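Here is the structure we will look at, set down as structure tokens.
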Amino acid sequence: MSGKRKAGGKRGGKRKPGGPSGSGTGTGSGGRRRPASAGGSPQGSGQRLSGTSQYLADAMEVFRRLPGRPMNARQLASTMGIRDREVQGKLHLLMRDLAGKGKLEEVGRGRFMLPESKGAPQRKGGKPAQGPGGKEALTGTIQISAYGKGYVRVPGQTDDLAIPKGHTGTAFWGDTVEIGWMRRGRKEVPYVADVVKRARDLYVVMIDPVKDYAFGVPTDKRLHRDFLIPARHLNNAPQDVKVAVRLVDWASPDDPPIAEVVEVLGAPGLHEAEMHAILLEYGLPYHFPEEVEAEAAKIPTALPEKDIKKRRDFREVCTFTIDPEDAKDFDDALSMRDLKNGNLEVGVHIADVTHYVRPGGLIEAEAVERATSVYLVDRTIPMLPEVLSNNLCSLRPNEDRFAFSAVFELDKDGVVVKEWFGRTVIHSDRRFTYAEAQERIETGKGDLAEEVRRLDRLAKKMRVRRFKAGGIDFDTEEVRFRLSEDGKPIEVLIKRMMDANRLVEDFMLLANVRVAKWIAGCKGQRPPGAVYRIHDSPDPTKLKSLRMFVAQFGYKMPDTEPGNAHRAISQLISMAEGKPEEPIIKQMAIRSMAKAEYSTENIGHYGLAFEHYTHFTSPIRRYPDMMVHRSLQHYLDGGGHLDTATLDGPCAHSSEREKRAAEAERASIKYKQVEFIGTRLGEEFNGVVNGISAKAVYIELKENKCEGYVDIKGISTDRFSVDTERQCLVGMHTGQIIRMGQEVRIQVVRADLQRRELEFDWLGVVV
């Protein structure tokens, strides 16, 4: 690119200051720069300073700005932008000294937090920051439009807070920000006063060199500012490649954010470069720190006899796992045996991760931070090091393994007669793939066929009861790819739920429900401190929209209260089953629902119609499950009420990381869809309308479920306006209606890999 571009590196022209004088600068009182995560510049790597006093103020500021979050020395150093291990050691000594003086509290081996942060978050000085009219300063997560307007989601508030263009300060999309208030005439207008925490440490950009510097152009279209990379920070990165950069300084919104190159990812279009770019784009790791791997390698592999004796022994009971063909970690197994009274004992055995991963260790800290495994089109980025996830904790066949089990006595209808929870030792006799288990369900042939079929029959009975109670069947088709050796998509595969998949799902649901119910009713007290998987009732406005939408297909959905609507939604989906409109009705029903999340406040799971529900069955890949295992063991041991304040932070963090992981997975699928269809430019396909906006019609191809859009202006039959109530387009002259679920004919005209976009030409409605 020519050197004509302005050094400011801003998109859309010159931006206004972020609020009143001094706002959005990322500096503390007296002009002292805050730590990076607190909105200022990180300290440079390689700093080797003697003593610890120079870190005192910044370290305490980090703890004040991240209340309720315990940190070890490595995490504190990372937050402060320090990467020198010698300095990390000094920070550890500093934190111990502060703990001795009562300024910090050690809450786990090597992990510290502010004493007061166990309760409600405190601001510096103990008083909430206020705007000029007395409004309390708020903290939330910001999203910034391409036009520079910000929207901040504040916990506990229904509506997002709108930030005027030019007043988003030094925030990027996804950052946690503090909102202040400024005068505009008689009104008080919000602005970003400070960045509390960056959403990510690294950003993916394309290098665009000028003369003595370069621009880093973000590949994530949600990032509204380009980075300025001085020559000394380029680290020999070549032109026209994707690189990972770290924010070095962004003192003022009037200045460009300064960055340094930390890793060259590779040329655009290369499979490895693109997958790593997606992970970094969503702030997700793709390798473990050496010290974490080293700690994992030291864990003994043998099962000590003294530990075996403390556990209930299921090694002689018929046990097997059912997992995807490419699974490497097996975190759940099923056992079964007949009882003398004619009932069946079914054991749901879950990998005993917390036996190996203890609080205070490096593995634990890494698991807390990651919170979940991430699944891209070609790989799994595990929450735990592979020596644990694929070996020690994995319930592999023909090996003795420790488990945390929920054991049920079931009658012939699958009703729980008795239950037991506790630690066990098991021996899996067989590893089934879903296809192998399905074959036995359908044919009754093969080893352990009768055992699998008996569990399937019980699962179906439990499923019927769940749906009668109002549980909603949201099962949808999933897209997978068959890739070449160099990562190119060769074939699109559609994964559909089979009876074998549902069998496993139903018994995992049973375990999750019964564990949550047992904890909630522990000792007949009020629900003790624990982690629940909650799902709130739908928004009434969205329910109204759903009723109007399905009416177009001839379905009448009763006008019920949101809390009772799950039965109506379940019946609606049941009525649509097998019909052409089923996928779009399921999609719109899902859109009407709230998002499930983790919380210590048990409000039940609306979509599943469970009063009590948690996640107990996947501790290898979800940190909340580890928290549930520990809580359950605590109460089994007769422990008292757990302080929910210690669980709230990890719950919120895990919910947020789960969202990121899902977005990264969708991004990787979208990339491969565009790459796959990009080889078929000019071809025609039938598709289904699955989204409508004021500018575009979004279409999913029937053949392979790849998604793209048609520009509304490109539909030549008429000029169209959006009917928001019916969620359709209406021709202004002809009255032609283009609605969701309609089958249409398109031609592929553009495949933009970097924007992950497919563009189609409209050929017409399929009659």
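The values are calculated or read from the model by the stated rules, or taken from the named source; none is laboratory data. What you are looking at is a predicted structure, and each value in this text was computed from that prediction instead of being measured. Cβ coordinates were reconstructed from backbone atoms using ideal geometry, including for glycine residues, and neighbour counts include every protein chain displayed.
Listed values, structure above:
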quantity: Unmet criterion (only one of (1) aromatic (Phe, Trp, Tyr); (2) in contact with a strand residue (DSSP E or B) (Cβ under 7 Å, 6 or more places away or on another chain); (3) surrounded by fewer than 23 Cβ atoms within 10 Å (Cβ to Cβ); (4) in contact (Cβ under 8 Å) with a residue 24 or more places away in the chain) for Phe227; calculated: (3)
quantity: Failed item in (1) buried (at least 20 other Cβ atoms within 10 Å of the Cβ); (2) of a type outside the set (Val, Ile, Thr); (3) more than 30 Å from Ser484 (Cβ to Cβ), with Tyr282 passing the rest; calculated: (3)
quantity: Top-ranked residue in region 180-207 [being of a type in the set (Asp, Glu) and touching a helix residue (DSSP H, G or I) at 6+ places or on another chain (Cβ under 8 Å); ranked as surrounded by the most Cβ atoms within 10 Å (Cβ to Cβ)]; calculated: Asp194
quantity: Test for Arg200: is it in a helix (DSSP H, G or I) and farther than 18 Å from Gln754 by Cα; calculated: no
quantity: Any strands (runs of 3 or more DSSP E) falling wholly within region 143-185 and containing at least 1 residues that are polar (S, T, N, Q) and closer than 24 Å to Asp201 by Cα; calculated: 176-184
quantity: Evaluation of His634 against (1) surrounded by fewer than 22 Cβ atoms within 10 Å (Cβ to Cβ); (2) more than 25 Å from His566 (Cα to Cα); (3) in contact (Cβ under 8 Å) with a residue 40 or more places away in the chain (one fails), failing number; calculated: (3)
quantity: Which numbered condition Gly108 fails, given (1) modelled with pLDDT under 80; (2) touching a helix residue (DSSP H, G or I) at 6+ places or on another chain (Cβ under 9 Å); (3) closer than 30 Å to Glu260 by Cβ; calculated: (3)
quantity: Enumeration of residues in region 729-743 that are crowded, with 20+ Cβ neighbours inside 10 Å and part of a strand (DSSP E or B); calculated: Leu729, Ile738
quantity: Selection status of Glu399, modelled with pLDDT of 95 or more and closer than 30 Å to Glu366 by Cβ; calculated: yes
quantity: Asp326 vs. criteria free of Cβ contacts under 8 Å to residues at least 40 places away in the same chain and either at positive phi or not in a strand (DSSP E or B) (or both); calculated: yes
quantity: Total residues in region 152-177, condition under 23 Å from Trp250 (Cβ atoms), within 23 Å of the chain's Cα centre (by Cα) and of a type in the set (D, E, K, R); calculated: 2
quantity: Test for Gln525: is it modelled with pLDDT under 95 and within 28 Å of Pro619 (Cβ to Cβ); calculated: yes
quantity: Number of positions in region 251-276 that are buried (at least 16 other Cβ atoms within 10 Å of the Cβ) and modelled with pLDDT under 90; calculated: 5
quantity: Selection status of Asp307, acidic (Asp, Glu), surrounded by fewer than 16 Cβ atoms within 10 Å (Cβ to Cβ) and outside any helix (DSSP H, G or I); calculated: no
